[in-house]
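Below: one structure, written as structure tokens.
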Amino acid sequence: MGIFDFLSGEFIDVIHWVDDTRDTMVWRFEREGHEIKYGAKLTVREGQAAVFVHEGQLADVFTPGLYMLETNNMPIMTTLQHWDHGFKSPFKSEIYYVNTTRFTDLKWGTKNPIMLRDPEFGPTRIRAFGTYTIRVKDPALFLTEIVGTDGEFTMDEISYQIRNVIVQEFSRVVAGSQIPVLDMAANTADLGKLIVAEVSPVLAGYGIELPEFYIENVSLPPAVEEALDKRTSMGLAGDLGKFTQYSAAEAMTAAAKNPSGGGGMGAGLGMGMGMAMANQMSQPGPWGAAPQAAPPAPPPPPVEHVWHIAEGGQTKGPFSKAALGRMASAGEMTRDTHVWTAGQDGWKRAEDVAELAQLFTILPPPPPGA
């Protein structure tokens, strides 16, 4: 990790750090038994920062470059005790190297489902996971708030805390966003921006920033997904009748593919479903035979009137029209005979009733040989 160069085996002359672990965030330059020599060279490479701590207090932060630890080029060091005497006192200093590159492909995810009120489905639960990237933005603040005196601080020591912050803010943002679950997949980019805006202030208090944040997937619990799949299938089928027929056809196909799996039960099930399908196909409907046109119903028979006759101050009848025709032919009823039927306004002469007047106009044809 660190490479030490010694001059005369007594003083450290060159201070630098080369990291090949890819997960170390902070490394402390080991100084047990050594004093930092006045005028020593401090090398800080790109992607690094060096934090100088003297007598337990943070003194300075060095950005990438080569530094000579002398008071004439570091004015802040002039206030450090014994610095101008070449560090010949027993007080020792510490240098912490901080990795300022991005730590990528870090995972986050919801351990438990998040409860929310969906505008379409009502109360439901969702899960989500994705990746994120972090980097140390303020090395001094990060060292003070997170690392402390840890001589080798790795990403694993803080990743769990960052995941907790992300999941907490994700739950809060999603619950209040009012974005339907079915639309979240199309709005992950905007949803990610909202979450970064909420997480960034918290991480800034640690001296960390969140350059990238991705939501890879938002999913429903298996039971909800199964119900949604059924609803989708019903939507494709069009209505419940079609869905039932579709399900029966699928079951028949599955039974036909596995004739030996269910024995006689599978065969019986297939036959039963086949009969049900045949019955449905014979019935009128979108999948059945076309309905036959029903013959028109005959009109109701006409209502036949019956008549009463007034004769000699007495009422006779009732008589049908055919009976009155025979009476007219026999001379038992004349044009002046008064008749009445239900619905008629009073008694009327037979010739004044249109329905009976024709009885007196029909004459028999001349007899043969006339």
Open item on the list: Condition (residue is modelled with pLDDT of 90 or more, within 15 Å of residue 200 (Cα to Cα), of a type in the set (Asp, Glu) and outside the structural domain of residue 49 (by TED's automatic domain parsing)) applied to the range 122-138: is it met by at least one residue?
Closed with: yes
Open item on the list: Looking only at residues that are in contact with a Leu (Cβ under 8 Å, 6 or more places away or on another chain) and among the aliphatic types (A, V, I, L, M) in the range 133-167, which one is surrounded by the most Cβ atoms within 10 Å (Cβ to Cβ)?
Closed with: 143
TODO: Residues that are among the hydrophobic types (A, V, I, L, M, F, W, C) and modelled with pLDDT of 75 or more: find the helices (runs of 4 or more DSSP H) completely inside the range 258-370 holding 3 or more of those.
DONE: 321-329, 354-357
- [ ] Could you identify the single residue in 120, 198, 145, 157 that is acidic (Asp, Glu), in contact with a helix residue (DSSP H, G or I) (Cβ under 8 Å, 6 or more places away or on another chain) and in a helix (DSSP H, G or I)?
- [x] 198
- [ ] Report yes if some residue within the range 169-176 is closer than 18 Å to residue 194 by Cβ, polar (S, T, N, Q) and modelled with pLDDT under 90; otherwise report no.
- [x] yes
- [ ] Would you be able to say whether some residue in the range 211-221 is over 27 Å from residue 21 (Cα atoms), free of Cβ contacts under 8 Å to residues at least 40 places away in the same chain and not in a strand (DSSP E or B)?
- [x] no
Task: Residue identified as hydroxyl-bearing (Ser, Thr, Tyr) and out of contact with any Asp or Glu (no Cβ under 7 Å at 6 or more places or on another chain) among 124, 100, 133 - done: 100
Task: Output for the range 178-190, where each listed residue is surrounded by fewer than 19 Cβ atoms within 10 Å (Cβ to Cβ) and either outside the structural domain of residue 112 (by TED's automatic domain parsing) or touching a strand residue (DSSP E or B) at 6+ places or on another chain (Cβ under 9 Å) (or both) - done: 178, 180, 182, 185, 188, 189
- [ ] Within the range 47-69, identify whether any single residue is outside any strand (DSSP E or B), touching a strand residue (DSSP E or B) at 6+ places or on another chain (Cβ under 7 Å) and modelled with pLDDT under 85, and answer yes or no.
- [x] yes
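The values are calculated or read from the model by the stated rules, or taken from the named source; none is laboratory data. Since the structure is predicted, the reported quantities are computational estimates derived from the model, not experimental observations. For neighbour counting, all protein chains shown are included, and Cβ atoms are generated from backbone atoms with ideal geometry for every residue, glycine included.
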